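Heads up: the structure comes next, in structure tokens.
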Amino acid sequence: MRILVKNIKRLYQAEENPRLAVCGSDMADLPYIENAYLIAQDGLIADFGAMEDLKEENADKVYDAYDRYVLPSFCDSHTHLVYAGSREIEYIDKIRGLSYEEIAERGGGIVNSALRLQQTDEEQLYEDAMQRIDSMIKYGTGAVEIKSGYGFTTEAELKMLRVIRRIKENSPATIKANFLGAHGVPLEYRGKQKEFVDLVVNEMIPMVAQENLADFIDVFCDKGFFTVEETDRMLFEGVKYGLKPKIHANELAKSGGIQVGVKYNALSVDHIEYTGIEEMAILKASQTMPTILPGAAFFLNMPYAPARDMISYGLPVAMASDFNPGSSPSGNMQLILTFACVNYRLTPQEAINATTINSAYAMDVVDSCGSICKGKKANFFITKRIPTIEYIPYYYGENKVDKVFLNGKEQ
Ligand code: NIG
Ligand code: FE
């Protein structure tokens, strides 16, 4: 199958030589080709360039993108989109003034989602999650990392990961699975958290690895959740079983989460609202992608991560949706672009780099996603007729994506 997209007003994020990530002041640069074409063959990007260099127009299908832009699909490197039920009642508690930690202490929050997940069968979880992904695809997302973490028991964690495996097999999106056994402490383990960590280490990790159910391992390393020492123990074990770390860190305090993530060469450390010069220096000397989750900080009305300081310091920044029923009930990456610009003062170009190439790195798919590059998956979208690329974050709340292609196929 060969498709040709021609007369593209601008083909964005096109690169001859694949980059791993974009750092610091380079994030302001979003390369493009004016009046361009793009050819996909058998699911991969086969060729692209300026229209005047297009040699022949033979293809199974030709799309005319006159007055429209083409961008690589967003990579959403942090989601919890397999979940049961919703938590709008806690949202009301929050409006009335309770904090995220207070809600968690009352048995709400993650504990609430865990109870519901345990009571929901695999089929239902799968169907609900696939619907969410289909909607994300329509908004331009082409790769999604999905975490477990609402299980709390070995059985329910394995159930979640099997659902993610089914999604991986059946969704046109590129999916990565992250084992987040240590997302919260189940009520029956309160006061004996060490025993729960023992369960994660001695039972869950070996079983997850045995069934080959996860690519990554995650821990919520933060004040009131898991300590640096506990995180260290779980990451050590996960790495032993071939799982790459990608962790929740420094959302609620300077928890040492960034340091322990870097110690284990984590692909990314995520949230990182509480990041100072010490943490930035450690990140600068590492291969770990600093990942900000603007949806969660917005929805919880919490402090924003110092994205501008990170970029000035020469760091790369990735951004993801954190789609989950508690702190970020949306997987709309166009909205993340708006938050990136308004709340973190990123330019639209920086925001697009953060949600394409840098987030591809953060979920270990940068060799196949995140830019328009020969040999990568033909995952891209054609915009509606909009005046500029800046219009995408500017005209927020509405879908600016017209046609989506994943693996070279129109969705
Ligand atoms: O990334 N911070 C921890 N975990 C999720 C929240 C999950 C939930 O509240 O259900 C997050 O924001
Ligand atoms: Fe999260």
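The values are calculated or read from the model by the stated rules, or taken from the named source; none is laboratory data. Quick caveat: nothing in here was measured; it's all calculated off a predicted structure. Here the Cβ positions follow ideal geometry from the backbone for every residue, glycine too, while neighbour counts run over all protein chains shown. Accessible surface is based on the protein model in full, side chains and every heavy atom, while ligands, DNA and RNA are left aside. Shrake-Rupley method; radii C 1.70, N 1.55, O 1.52, S 1.80 Å.
Quick look at the numbers
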| read-out | value |
| --- | --- |
| Close pairs from region 99-112: first on the phi > 0 side of the Ramachandran plot, partner away from ligand 2 (no atom under 15 Å from the Cβ), Cβ under 6 Å, at least 6 apart | Gly109/Ile103 |
| Restricting region 54-82 to residues that are over 15 Å from Tyr139 (Cβ atoms), within 16 Å of ligand 2 (Cβ to nearest atom) and not hydroxyl-bearing (Ser, Thr, Tyr), the residue that is surrounded by the fewest Cβ atoms within 10 Å (Cβ to Cβ) | His80 |
| Given (1) out of contact with any helix residue (DSSP H, G or I) (no Cβ under 8 Å at 6 or more places or on another chain); (2) farther than 18 Å from Val219 by Cα; (3) within 16 Å of ligand 1 (Cβ to nearest atom), number of the condition Gln287 does not satisfy | (3) |
| Residue under evaluation Arg106, criteria (1) at pLDDT below 95; (2) open to solvent by less than 10 Å² (accessible area, probe 1.4 Å), criterion not met | (2) |
| Count - residues of region 267-284 that are under 20 Å from the mean Cα position of the chain (by Cα) and either more than 15 Å from ligand 1 (Cβ to nearest atom) or modelled with pLDDT under 95 (or both) | 3 |
| Within region 356-399, tally of residues that are part of a loop (DSSP other than H, G, I, E, B) and on the phi < 0 side of the Ramachandran plot | 24 |
| Neighbours by Cβ (under 7 Å, 6+ apart or cross-chain): first from region 212-236, in contact (Cβ under 8 Å) with a residue 12 or more places away in the chain; second open to solvent by 10 Å² or more (accessible area, probe 1.4 Å) and in a strand (DSSP E or B) | Asp215/Lys176; Asp215/Lys244; Phe216/Lys176; Phe216/Lys244 |
| Residue list for region 400-409, restricted to those being more than 22 Å from Asn353 (Cβ to Cβ) and either without any contact (Cβ under 8 Å) to a residue 60 or more places away in the chain or part of a loop (DSSP other than H, G, I, E, B) (or both) | Asn407, Gly408 |
| Matching residues in region 167-212 - criterion: being open to solvent by 70 Å² or more (accessible area, probe 1.4 Å) and under 15 Å from Val144 (Cβ atoms) | Lys168, Glu169, Asn170 |
| Residue that is farthest from Phe405 (Cα to Cα) [pool: residues in region 149-176 that are among the acidic types (Asp, Glu) and more than 16 Å from ligand 1 (Cβ to nearest atom)] | Glu155 |
| Boolean, Ile258 is more than 25 Å from Glu157 (Cβ to Cβ), within 15 Å of ligand 1 (Cβ to nearest atom) and free of Cβ contacts under 8 Å to residues at least 60 places away in the same chain | yes |
| Single residue of Leu406, Leu337, Leu346 found to be of a type in the set (A, V, I, L, M), in the same structural domain as Leu44 (by TED's automatic domain parsing) and crowded, with 22+ Cβ neighbours inside 10 Å | Leu406 |
| Qualifying residues in region 226-243 (those that are open to solvent by less than 40 Å² (accessible area, probe 1.4 Å), assigned to a helix (DSSP H, G or I) and under 18 Å from Ser148 (Cβ atoms)) - the one nearest to ligand 1 (Cβ to nearest atom) | Thr231 |
| Which numbered condition Phe216 misses (of (1) more than 16 Å from ligand 1 (Cβ to nearest atom); (2) among the hydrophobic types (A, V, I, L, M, F, W, C); (3) crowded, with 18+ Cβ neighbours inside 10 Å) | (1) |
| Any hit, region 289-309, residues being out of contact with any strand residue (DSSP E or B) (no Cβ under 9 Å at 6 or more places or on another chain), more than 14 Å from ligand 2 (Cβ to nearest atom) and in a helix (DSSP H, G or I) | yes |
| Sole residue being within 16 Å of ligand 1 (Cβ to nearest atom), within 30 Å of Glu155 (Cβ to Cβ), of a type in the set (Lys, Arg) and not in a loop (DSSP other than H, G, I, E, B), chosen from Lys223, Lys246 | Lys246 |
| The lone exception for Glu251 - which of (1) open to solvent by 20 Å² or more (accessible area, probe 1.4 Å); (2) not in a helix (DSSP H, G or I) it fails | (1) |
